[in-house]
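Notes follow the structure.
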Amino acid sequence: MSFAVGIDLGGTSIKAVAVDRAGVELAREQVAFDPAVRMDWADKIRELVRRLEAGQGRAAVAVGLSAPGLADGEGRAIACMPGRLEGLEGLNWTKFLQRPSPVPVLNDAHAALLGEVWVGAARGARDVFMLTLGTGVGGAAMVEGRLLRGHIGRAGHLGHICLDPEGPPDCTGMPGSLEDAIGNGTVGRRSSGRFATTHDLVAAYLAGDAAASAVWLRSVRALGCAVGSLINVLDPEVVIIGGGVARAGAALFEPLEKVVREVEWQPAGARVRIVPAQLGEMAGAYGAASQALRGAE
């Protein structure tokens, strides 16, 4: 039985899966690496591939890789990832891993969406976008079954849309972005220093704290308006919400649903489904494996 290996490189750890062509998981691993040691992540990825192949008793038909940053035009390397993971930019993974067939390389958010469409929350969907709510807000979009990459790979950075032209700039320079409105990295400022994490903010909201409720519901309203706006741009059948902030569960999804239904354009009563991501931290690895299998067909 043939299988593929999908690798997802994060900031301090690597997730890997071995899956068959139907998306059935055969094995998974997660290992930490030391960001201060140059190329430690690369050496650990090479060892992970060897170990997964040894565990299956045969070579994988394909290997795919997901990583932060912008992939190059051919999808063989990360072209731009400034300030982190020294040595990643320009590294040709096909050569580094000494693979007989090309190793496709994807942006991590793009890969997460592919994973969720393949075997996750949007299985079989052709028009879908995903938002990952964490320290920042990542995103990816698929239209008519095609992943949007854009001219230089920027497509899908949905967290950097502008919601407030007078707001503070985010890491891309965009004022008042969605990332600024709900990302975990701005909770302290949004709550006037009262809360350090979204988890703490949501706990206070659930406990009935009026000030916390005002901050949280304002953030969720911003998210809902962003989702409604993106629905008008991309016309999806389903919207996936993932990332650490999405672990708030009903505290997020119930008020979000109300806001989206308030602002969503619903021609002939059409309503877009809003669903939580299913694959969690392994979504990128699954997406990398699915892309590798496409290339191996």
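Put the Cα centre of segment 245-280 next to the Cα centre of segment 159-225 and the gap is 17 Å.
For the chain, the fraction of alpha-carbon pairs lying more than 36 Å apart is 18 percent, rounded to a whole number.
In segment 1-45, inverting the average of 1/r over every pair of distinct C-alpha atoms gives 11.3 Å as the Kirkwood radius. Taken along its principal axes, the alpha carbon cloud of segment 190-233 reaches lengths of 35, 19, 14 Å, longest axis first. Ordered from highest to lowest accessible area with the whole protein assembly present and a 1.4 Å probe, 95, 15 read as 95, 15. Electrostatic tally near residue 177: other residues with Cβ closer than 10 Å to its Cβ, Lys and Arg +1, Asp and Glu -1, net -4.
The C-alpha atoms of the chain define a longest principal axis, and helix 210-234 lies at about 60 degrees to it. Rg ratio for segment 192-292: its Cα radius of gyration over 2.2 N^0.38 Å, N being its residue count, equals 1.22.
Heavy-atom surface analysis with a 1.4 Å probe gives segment 17-165 a carbon and sulfur content of 50 percent of its accessible area.
Taking each pair of distinct Cα atoms in segment 89-188 once, what is the resulting Kirkwood hydrodynamic radius in Å? Across segment 89-188, the inverse of the average 1/r is 15.1 Å.
In terms of the mean number of neighbouring beta-carbon atoms within 10 Å, the peptides 236-246, 150-160 order highest first as 236-246, 150-160. The candidates 272, 61, arranged from most to least accessible area with a 1.4 Å probe in the full protein assembly, appear as 61, 272.
The Cβ shell under 11 Å around residue 132 holds other residues with a net charge of -4, Lys and Arg each +1, Asp and Glu each -1. Accessible surface computed residue by residue for the chain, with neighbouring protein chains in place and a 1.4 Å probe, gives 45 Å² per residue. Summary of packing: across the peptides 44-55, 166-177, 62-73, the per-residue average of other C-beta atoms within 10 Å ranks them, highest first, as 62-73, 44-55, 166-177.
Taking Cα centroids, how far is segment 1-70 from segment 130-158 in Å? Centre-to-centre distance over Cα atoms comes out at 22 Å.
The values are calculated or read from the model by the stated rules, or taken from the named source; none is laboratory data. Because the structure is a prediction, the values reported are computed rather than measured. Cβ sites come from the backbone with ideal geometry, for glycine too, and all protein chains shown count toward neighbours. Ligands, DNA and RNA are excluded from the accessible area calculation, which covers all protein heavy atoms including side chains. Shrake-Rupley method; radii C 1.70, N 1.55, O 1.52, S 1.80 Å.
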